[in-house]
Amino acid sequence: MTVLLDIYHELSHAFGPQHWWPGDTTLDVAVGAILTQNTNWWNVEKAIKNLKKRDALSVKVIHTMPVEELAELIRPAGYFNIKTQRLKSFMNFLMKDYRGSIKRMKTGGVHQLREQLLSVNGIGPETADSILLYALEKPMFVIAAYTKRVLSRHRLLDDSRTYNEFQDLFHSTLENEVHLFNEYHALFVQVGKTYCRKTKPLCDICPLRTFKNSKTN
C-alpha cells in the first residue's frame with residue numbers, strides 16, 4: 001500500500017530521524033519497554049537512572065533484588081508495585097530460558113520469541129513487539145495508540161480493529177525491515193504527541209494535513 005509509504009515520507013520529512021529507542025544497552029531498552037506502560041518516557045528515565053545509580057540494571061541483580069527495594073527504585077515510573085512484578089517475571093524468564101542473557105535471545109526466531117514474550121506475566125503485544133524491534137532488532141511493527149489514532153482519522157483502518165489487524169496492515173504492505181519499522185513507529189508517536197492529539201487535535205498545522213485533503217476527501 002503506497003499510502004503507508006506516503007505517510008512515512010511525509011512524517012520523515014517533517015520530523016527527521018528519530019533515533020528511537022533511547023537506551024545504552026539491549027537490557028536498558030527491554031526494561032524501558034516494560035516501565036513505559038501507562039506513563040511517559042520522562043518518568044521512565046528517572047526510574048532507569050535510579051537503577052543505574054545502584055548498579056542494579058542487570059538481569060541477575062533485578063532477579064535477586066528484594067521486591068520492596070526494586071519497587072522503590074522504579075517508583076518514578078508509576079504503578080511501581082505492578083511493574084516490579086513484571087520486571088521480576090521478565091528476569092525470571094531470561095534466567096530460566098536464556099541463562100540470564102538477553103543477547104542470547106537474538107538468535108531465536110521472531111515468531112517463537114514473540115510467543116515466549118507474550119507468555120511472560122504482564123507483557124502484552126505492544127511491549128513484546130517493542131522488545132523484539134528495539135532490543136532484539138527483529139522486524140516486528142509496534143502498534144501504539146498513536147498509530148491507531150492517525151490511521152483511523154485518515155480512514156485507513158477503523159479504530160475498532162484489533163492490534164493484530166493494524167499490525168498485519170504494515171507487515172503485508174511494507175518491506176519487513178528493522179530500520180523502517182523502527183523509524184515509522186517513532187514517527188507515529190511524534191506526530192501523535194505533537195499534532196494528532198486525542199482531544200483538540202491540531203489538524204490545520206499537522207504535517208499530514210495535505211495528505212488528508214488529497215487522499216481521503
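Odds and ends about this structure:
- Each Cα pair under 8 Å and six or more residues apart adds its separation to the average, and for segment 26-135 the resulting relative contact order is 33 percent.
- Under the convention that each Lys and Arg Cβ holds +1 and each Asp and Glu Cβ holds -1, the size of the dipole of the chain around its Cα centre is about 520 debye.
- By the rule of a C-alpha distance below 12 Å, with chain neighbours fewer than 8 residues away ignored, the aspartates and glutamates paired with Lys106 are Glu137.
- Peptides 106-112, 150-156, ordered by how many other C-beta atoms sit within 10 Å of their residues on average, highest first, read 150-156, 106-112.
- Cross-link pairs beyond the 20 Å C-alpha cut-off, checked among Lys52/Lys96; Lys60/Lys88; Lys60/Lys83: Lys52/Lys96
- Translational diffusion of segment 34-151, estimated by Stokes-Einstein from the Kirkwood radius over alpha carbon pairs at 10 °C in a medium of 1.306 mPa s, is 107 µm² per second.
- FRET efficiency for Thr162 and Lys96, using Cβ-Cβ distance with R0 set to 41 Å, rounded to 0.05: 0.85
- Within a Gaussian network of the chain (alpha carbon springs, distance under 10 Å), most fluctuating of Phe15, Phe170, Phe80: Phe15
- Signed unit charges on C-beta, dipole axis of the chain, positive-most listed residue Asn92, Thr210, Pro76: Pro76
- Taking the centroid of alpha carbons for each part, segment 79-134 and segment 153-217 are 27 Å apart.
- With the largest listed first and rounded to whole Å, the semi-axes of the equivalent ellipsoid of the chain from the Cα gyration tensor are 33, 19, 14.
- For Lys106 and His63, the FRET efficiency from 1/(1 + (r/R0)^6), where r spans their Cβ atoms and R0 equals 25 Å, is about 0.80.
- Of Arg54, Arg197, Arg114, the one that fluctuates the most in a GNM where the chain has Cα springs shorter than 10 Å: Arg54
- Sequence-distant contacts, meaning Cα pairs under 8 Å at least 6 residues apart, place the relative contact order of the chain at 23 percent.
No value in this document is a laboratory result; all are computed from the given coordinates. Predicted model only: the values in this text are computed from it and were never measured. Ideal geometry is used to build each Cβ from the backbone, glycine not excepted, and the neighbour counts take in all protein chains shown.
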